[in-house]
Amino acid sequence: MSDSFESKKVIIAGGSSGIGLATAAKLAGEKAQVTVTGRSAARLADAAKYTPGIQTTVVDSCNRKDLNAFFDAQGNFDHLVIAVSGSLGAGKFADLSLKELREGFESKFWAQLNTLQAALPYVNKGGSITLITAISAISRAPGVSGLAAINGALELMIPSLAKEIQPLRINAVSPGVVDTPWWDFLPVNAKDDTFGQYAAQLPVGRVGEPDDIADAILFLMRNGYTTGTVLRCDGGLSL
Ligand SMILES: NC(=O)c1ccc[n+]([C@@H]2O[C@H](COP(=O)([O-])OP(=O)(O)OC[C@H]3O[C@@H](n4cnc5c(N)ncnc54)[C@H](OP(=O)(O)O)[C@@H]3O)[C@@H](O)[C@H]2O)c1
């Protein structure tokens, strides 16, 4: 491990909740200067209240004009994490609404690429970029072909981008099932049942916590010898 995060400037797009917020908390604990973004001002205010030492800014990663203004105002920085999520695009293909799948691409694939392209001129060459994809890209499970397309498309770009933007490093972390507000579309009982079913089939015997994924992100940010990789952090779900 080469680098301390002390005084490093980090931007986490989609950092007001879940995996992004857990990453922000760890980095702030290591004395990094962390700014997190999200669309909801209320969610960002809550994040700032319970996570000492982070800055917050409302930015919608689907809005390129706002992204350009945000990164221009931030100026140069060291590390970018893109944890922006989408939720649409799951379901058996025969019944899948292609309109929803398109929206799924808009809210994750295009939102992440817009953020990445707007940020690129400002990321210091000794720093790193980490995208958050999803294990659906390779899980081969029924009902996730749409999510596989969204996340697989992002993952396929990583090796080529790593060569293009060298010496700046770029990697992705691909999480399995993680207990975050992403799952709040399910009633509490249904969520507990779903997590219980996953826990029973996972080699590690439990679903993931945001901190599990945050640790994987910090590894990729810190390790100056790792670029162009997709790091699976899925409790064995893809085995
Ligand atoms: N949880 C899982 O089981 C799981 C599994 C595999 C992959 N992932 C991936 O992990 C990443 C993080 O997800 P999570 O589970 O931590 O979800 P989460 O708790 O819902 O967090 C998502 C974050 O992204 C922000 N966000 C969403 N759309 C945005 C936009 N257009 N512009 C700016 N911010 C936006 C949200 O804030 P606002 O809504 O206020 O904008 C929130 O801060 C996502 O890419 C997700 O697909 C999660």
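The numbers here are math on the coordinates, done by the rules we state, and not lab data. This one's a predicted model, so the numbers in the text were calculated from it and none came from an experiment. Virtual Cβ from ideal backbone geometry, glycine too; neighbours counted across all protein chains shown.
Helix 210-222 axis versus longest C-alpha principal axis of the chain: approximately 40°, rounded to the nearest ten. Tell me the net charge near ILE19. Cut-off is 12 Å between Cβ atoms, ILE19 excluded, with +1 for each Lys or Arg and -1 for each Asp or Glu. Taking every Cβ under 12 Å from that of ILE19, the sum is -4.
Annotated for the chain: lysine pairs at least 8 residues apart or interchain, Cα distance under 16 Å, count 9. Distance between the 7 Å Cα→Cβ label points at ALA73 and THR57: 0.6 nm.
Listed values for segment 113-130 are Karplus-derived 3J(HN,Hα) couplings in whole Hz (6.51 cos²θ - 1.76 cosθ + 1.60, θ = phi - 60°), namely 5, 4, 5, 4, 5, 5, 7, 3, x, 9, 7, 4, 4, x, x, 8, 10, 10, and x replaces Gly and Pro.
At full extension, ALA149 and LYS49 could sit 32.4 nm farther apart than now, given 0.36 nm per residue minus the alpha carbon distance. Packing-based ranking of 107-120, 160-173 yields 107-120, 160-173, ordered from highest to lowest mean Cβ neighbour count within 10 Å.
Amide H contacts of ASN124 (H built 1.01 Å from N, in plane; Pro and chain starts excluded): PHE77, ASP78 sit under 5 Å, all sequence-distant by 5 or more or on other chains. Grab the beta carbon distance between GLN197 and ARG39, set R0 = 41 Å, and tell me the FRET efficiency rounded to 0.05. Here the calculated transfer efficiency is 0.85. Calculated [222 nm] ellipticity per residue, helices only, for the chain: -12500 deg cm²/dmol; basis is -39500 (n - 2.57) per DSSP H run with n ≥ 4, divided by all residues, nearest 500. Taking one quarter of the surface of the C-alpha convex hull of segment 74-134 gives a mean projected area of 4.6 nm².
With respect to the chain, whose longest principal axis is taken over its alpha-carbon atoms, helix 18-29 is tilted by about 30°.
Compared with the alpha-carbon gap, the fully stretched path from SER160 to ALA94 is longer by 20.5 nm at 0.36 nm per residue. R0 = 22 Å: FRET efficiency of ASP184 with LEU239, Cβ-based, nearest 0.05? The value I calculate is 0.20. Computed as a quarter of the hull surface, the mean projected area of the alpha carbon convex hull for the chain stands at 12.6 nm².
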